[in-house]
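Just below is one structure, and these are the notes that go with it.
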Amino acid sequence: MESKSNYKEEEPEATMWSQKAWALLSTVRSQSPLIQCITNFVSMDLMANTLLSAGASPAMLHTLEELTDFTPQVHALCVNVGTLSTGWLPAMKLAAELAHKSGKPWVLDPVAAGASGFRLKACLELVELKPTVIRGNGSEIIALAKASVEPTKGVDSSHKSTDAIESAKSLAQASGAIVAVSGAVDIVTDGNRVVGAHNGVAMMTKITATGCSVTALIAAFVSVDQSHVLEATASALSVFGIAGEMGMKMANGPASLRMHLIDSLYGIDEACVLSHAKITSLS
Ligand SMILES: Nc1ncnc2c1ncn2[C@@H]1O[C@H](COP(=O)(O)OP(=O)(O)OP(=O)(O)O)[C@@H](O)[C@H]1O
Ligand SMILES: Cc1ncsc1CCO
Ligand SMILES: [Mg+2]
């Protein structure tokens, strides 16, 4: 009896979160927001296909000369520094400024932020341009919050997401962004509230650019509900994780999971989201 009454107490919050996640996925499907992605060469394919399978419309435009015309028309911008070069950084900055000025959300993925002084400085300069959301893995969020170059595993994390909660909170407070840390539990914070999304499978870390792709999915979810950025961010992470869980039932390894994850994201329905979304308050 005791466990049953506990279950009843928790149910309204769990139900609210899963309904929110489904409502946002449905809205992305019906509104098909245009998402500009300035992203690394490795991630372009998976990121564009993730957005398409979720119902959004990706556009990988990054040339400086095009941005004044194009960026104000998009519904959200995703900036990912994965294969950063001196040539691309001015375009990333201008696009961020244009998005901010035109009231469009923009999301930063600070890939390997602590790997070099050049990369860290670029990421810190981008944070100054007021991203709506920053999504990284544990090591990236810790490096960015400490503003320090550290021994790293490059684009992979050597920290658990839960090791980065305090860093995520301080980065959120300092930047004004919602900060998300991916991992076994995806952490989302506004600097005060902390929420965990508990979906996904470990095999997702064996497919390059799943983190990059979920960052773009966050941009799509936030674009359709700009007044609830934390909720939209947690919902995108949960939905992507559910697609991984569904895909894993049909996969034999990373390559087939990549395909089945995309198929599952495309096919996911209300019953699946309502029964599988696991989003909880952690504070
Ligand atoms: N141990 C895990 N169990 C379940 N899901 C996980 C686990 N680790 C990561 N994920 C999921 O895998 C996806 C990618 O997260 P990850 O932390 O690997 O990003 P990343 O390091 O930025 O990846 P990349 O740089 O390759 O894009 C996220 O959706 C996350 O929720
Ligand atoms: C492997 C890799 N190298 C730079 S970006 C990238 C994709 C995953 O972040
Ligand atoms: Mg990454």
Applying the Karplus parametrisation 6.51 cos²θ - 1.76 cosθ + 1.60 with θ = phi - 60° to the phi angles of segment 276-283, what ³J(HN,Hα) value in whole Hz is obtained for each residue in order, glycine and proline being reported as x? 10, 4, 10, 10, 9, 6, 9, 8
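Taking 0.36 nm per intervening residue step and subtracting the Cα-Cα distance, what contour gain separates Y266 from L61 on full extension? Don't jump to the answer; show the numbers that get you there.
Values: separation 205, 0.36 × 205 = 73.80 nm, distance 2.38 nm.
Net length gain for the segment: 71.4 nm.
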Tell me, what does the Kirkwood hydrodynamic radius of segment 148-188 come to in angstroms if you use every pair of distinct C-alpha atoms? 11.0
Rounded to two decimals, what ratio of Rg to Rh does segment 5-72 give with C-alpha atoms and a Kirkwood Rh? 1.22
With θ set to phi - 60°, apply the Karplus curve 6.51 cos²θ - 1.76 cosθ + 1.60 along segment 113-126 and write out the HN-Hα couplings as whole Hz, x wherever there is a Gly or Pro. 3, x, 6, 7, x, 4, 5, 5, 4, 4, 5, 5, 5, 5
Please determine, in degrees from 0 to 90 and to the nearest 10, the orientation of helix 165-175 with respect to the longest principal axis defined by the Cα atoms of the chain, where the helix direction is its Cα long axis. 50
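Quick one: order I207, I178 by neighbouring beta-carbon count within 10 Å, fewest to most.
Values: I207 19, I178 28.
Least to most surrounded, the residues fall as I207, I178.
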Given C-alpha coordinates of segment 38-184, what is the ratio Rg to Rh with the Kirkwood estimate of Rh? 0.95
Based on the Cβ-Cβ distance from K130 to A202, what FRET efficiency comes out when R0 is 30 Å, to the nearest 0.05? 0.35
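Can you tell me how segment 13-281 classifies by the Cα gyration tensor, rounded, prolate or oblate, using a/c under 1.5 as the rounded cut? Please report the intermediate quantities before stating the final value.
Numbers: a/c = 1.38, a/b = 1.22, b/c = 1.13.
Because its axes are fairly even, with a/c under 1.5, segment 13-281 counts as rounded.
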What are the residues whose amide H is under 5 Å from the amide H of C78, where those residues sit 5 or more places off or on another chain and H is modelled from the backbone? Q36, C37, I38, V107
Residue of T39, T86, T205 that the Gaussian network model of the chain assigns the largest fluctuation, springs spanning Cα pairs under 10 Å: T86
Quick check: Cα centre of segment 207-228 to Cα centre of segment 125-151, how many Å? 17
HN-Hα J couplings of segment 239-255 from phi, Karplus 6.51/-1.76/1.60, θ = phi - 60°, integer Hz, Gly and Pro as x? 4, 5, x, 4, 4, x, 5, 5, x, 5, 5, 10, 8, 10, x, x, 5
Please find, in a Gaussian network model of the chain (springs between Cα atoms separated by less than 10 Å), the residue of V42, V195, V79 whose mean-square fluctuation is greatest. V42
Kindly state, to the nearest 0.05, the FRET efficiency for M16 paired with M250, given R0 = 51 Å and r defined as their beta-carbon distance. 0.95
Using Cα pairs under 8 angstrom and six or more residues apart, how large is the relative contact order of segment 13-281, in percent? 22
If you take the charge dipole of the chain about its Cα centre, with +1 on Lys and Arg Cβ and -1 on Asp and Glu Cβ, which of H75, S158, T215 is farthest toward its positive end? S158
Among N199, V107, S18, the residue whose Cα sits farthest towards the positive end of the charge dipole of segment 13-281 (+1 at Cβ of Lys and Arg, -1 at Cβ of Asp and Glu, taken about the Cα centre) is N199
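Could you tell me which of rounded, prolate or oblate describes segment 165-231, using a ≥ b ≥ c as the square roots of the eigenvalues of the alpha-carbon gyration tensor, with rounded for a/c under 1.5 and, failing that, prolate when a/b is larger than b/c and oblate otherwise? Provide the component values of the computation, followed by the final result.
On the way: a/c = 1.99, a/b = 1.35, b/c = 1.48.
Here segment 165-231 falls in the oblate category.
Could you tell me which of rounded, prolate or oblate describes segment 140-283, using a ≥ b ≥ c as the square roots of the eigenvalues of the alpha-carbon gyration tensor, with rounded for a/c under 1.5 and, failing that, prolate when a/b is larger than b/c and oblate otherwise?
Numbers: a/c = 2.07, a/b = 1.32, b/c = 1.56.
Cα axes put segment 140-283 in the oblate bin.
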Mind scanning K249/K278; K104/K206; K20/K121; K20/K93; K160/K278 and naming the pairs with a C-alpha gap bigger than 25 Å? K104/K206; K20/K121; K20/K93
For the chain, the charge dipole (Cβ of Lys, Arg +1; Cβ of Asp, Glu -1; about the Cα centre) points to a positive end, and the Cα of S281, T27, A122 closest to that extreme belongs to A122
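Here, each number is a calculation from the coordinates, and none is a lab measurement. Small disclaimer: the values here were computed from a predicted structure and weren't measured. Neighbour counts are summed over all protein chains in view; Cβ atoms, including those assigned to glycine, are modelled from backbone coordinates with ideal geometry.
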